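Trainee: Have a look at this one.
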Amino acid sequence: MTIRDNIQTIGERIRAAEQRFGRKPGSVQLLAVSKKHPSTSIREAIDAGQTCFGENYVQEMVEKAAELANGNRNIDWHFIGPIQSNKTRLIASTARWVHSVDSLKIAQRLSDQKPADAPEINICLQVNISNEISKSGVQPAELAALASQIAVLPGIRWRGLMAIPAPEQDFAQQRAVFAQVRALQEDLVAQGFVLDTLSMGMTDDMEAAIAEGATIVRIGTAIFGSRA
């Protein structure tokens, strides 16, 4: 199977899940997670029509963005990994989206460091929905207070929530966790925040995520194969 074939297969899974769970056709975007994969593989994905790529490591994203810049003006880089405060300037100058914001400090630095001539940076607040010590993210109880501070920052546009739940094989349990994320976002919208993005779901749980309102699913291995 080629990368083109894989993208087609994942696209078919997304469309089938949209139909199965009553989602509007085309309402779920595929984010190809290209971390640890070479630019040659990303070029294959671009040739297959993919335009959005997710990276976990800042320097790797910056290098790939520079390498692929010529002739690929429509690429949107999404940063999805843990964020160190000393790397925010590079992220702000490269990424169109940042999914993994988990503190006011990081949001403020992205706001301050966005190049003046660049469009707003779209951000998601990462919520630690499974309360895992090993994972980044805002605790659900802290979301509302942080949201009020982030929503007013210039240069960034808060779009919604991102979550990486603990692995779960049972479909009903997968849905239950994603439903918690959706409920958190609905509460924020009820408070007056304008949000339209739920970044959740990967290869093994994307259908459950789509069932519960995901608008971006993050797929890596099923597109590019095992990482080097």
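The values are calculated or read from the model by the stated rules, or taken from the named source; none is laboratory data. As the structure is a computational prediction, the values presented were derived from the model and not from experiment. Ideal geometry is used to build each Cβ from the backbone, glycine not excepted, and the neighbour counts take in all protein chains shown. Just so you know, the surface numbers come from the protein's heavy atoms only, side chains and all, with ligands and any DNA or RNA stripped out. Shrake-Rupley method; radii C 1.70, N 1.55, O 1.52, S 1.80 Å.
Trainee: Which of (1) under 18 Å from the mean Cα position of the chain (by Cα); (2) open to solvent by 20 Å² or more (accessible area, probe 1.4 Å) does ASP117 not meet, given it meets every other one?
Mentor: (1)
Trainee: If ASP76 satisfies all but one of (1) at pLDDT 95 or above; (2) crowded, with 19+ Cβ neighbours inside 10 Å, what's the number of the condition it fails?
Mentor: Every condition holds for ASP76 apart from (2).
Trainee: If you take the residues of region 83-102 that are in contact with a strand residue (DSSP E or B) (Cβ under 8 Å, 6 or more places away or on another chain) and either modelled with pLDDT under 95 or polar (S, T, N, Q) (or both), which of them is nearest to GLU142 (Cα to Cα)? Before the answer, list the steps.
Mentor: Of the residues in region 83-102, the ones in contact with a strand residue (DSSP E or B) (Cβ under 8 Å, 6 or more places away or on another chain) are 83, 91-92, 94-102.
Going one step further and asking which of them are either modelled with pLDDT under 95 or polar (S, T, N, Q) (or both), we end up with 94, 100.
On the way: THR94: 29, SER100: 15 Å.
Once the filter is applied, the top-ranked residue is SER100.
Trainee: Sort out which residues of region 106-120 are closer than 16 Å to VAL152 by Cβ and out of contact with any helix residue (DSSP H, G or I) (no Cβ under 7 Å at 6 or more places or on another chain), and write them in order of number. If you could, list the steps in order and put the result at the bottom.
Mentor: Of the residues in region 106-120, the ones closer than 16 Å to VAL152 by Cβ are 106-112, 114, 120.
Result: GLN108, SER111, ASP112, GLU120.
Trainee: Of a type in the set (A, V, I, L, M), without any contact (Cβ under 8 Å) to a residue 12 or more places away in the chain and part of a loop (DSSP other than H, G, I, E, B) - does that describe any residue in region 120-138? Steps first, answer last, please.
Mentor: So in region 120-138, the residues of a type in the set (A, V, I, L, M) come out as 121, 123, 125, 127, 129, 133, 138.
When the remaining residues are screened for being without any contact (Cβ under 8 Å) to a residue 12 or more places away in the chain, the result is 133.
Of the ones still in play, those that are also part of a loop (DSSP other than H, G, I, E, B) are 133.
There is at least one residue in region 120-138 that is of a type in the set (A, V, I, L, M), without any contact (Cβ under 8 Å) to a residue 12 or more places away in the chain and part of a loop (DSSP other than H, G, I, E, B).
Trainee: Go through the residues of region 11-22 one by one and say whether even a single one is under 30 Å from ALA145 (Cα atoms) and surrounded by fewer than 19 Cβ atoms within 10 Å (Cβ to Cβ).
Mentor: Narrowing region 11-22 to residues under 30 Å from ALA145 (Cα atoms): none.
The answer is no; no qualifying residue exists.
Trainee: Here's something else I'd like to know. Filter region 56-71 down to the residues that are farther than 25 Å from PRO154 by Cβ, out of contact with any Asp or Glu (no Cβ under 8 Å at 6 or more places or on another chain) and open to solvent by less than 40 Å² (accessible area, probe 1.4 Å), then identify the one that is modelled with the lowest pLDDT.
Mentor: This residue is ALA69.
Trainee: State yes or no: is ARG109 crowded, with 17+ Cβ neighbours inside 10 Å, under 18 Å from ALA208 (Cα atoms), free of Cβ contacts under 8 Å to residues at least 60 places away in the same chain and not hydrophobic (A, V, I, L, M, F, W, C)? Even if it seems obvious, please write down each step before you answer.
Mentor: Numbers: crowded, with 17+ Cβ neighbours inside 10 Å: yes; under 18 Å from ALA208 (Cα atoms): no; free of Cβ contacts under 8 Å to residues at least 60 places away in the same chain: yes; not hydrophobic (A, V, I, L, M, F, W, C): yes.
Taking the combined requirement at face value, the residue does not satisfy it.
Trainee: A follow-up question, please. Could you give me the residue pairs with C-beta distances under 8 Å whose first residue belongs to region 83-103 and is under 20 Å from LEU198 (Cβ atoms) and in a loop (DSSP other than H, G, I, E, B), whose second residue is of a type in the set (S, T, N, Q) and open to solvent by 50 Å² or more (accessible area, probe 1.4 Å) wherever it lies, and which are 6+ apart or on separate chains?
Mentor: none
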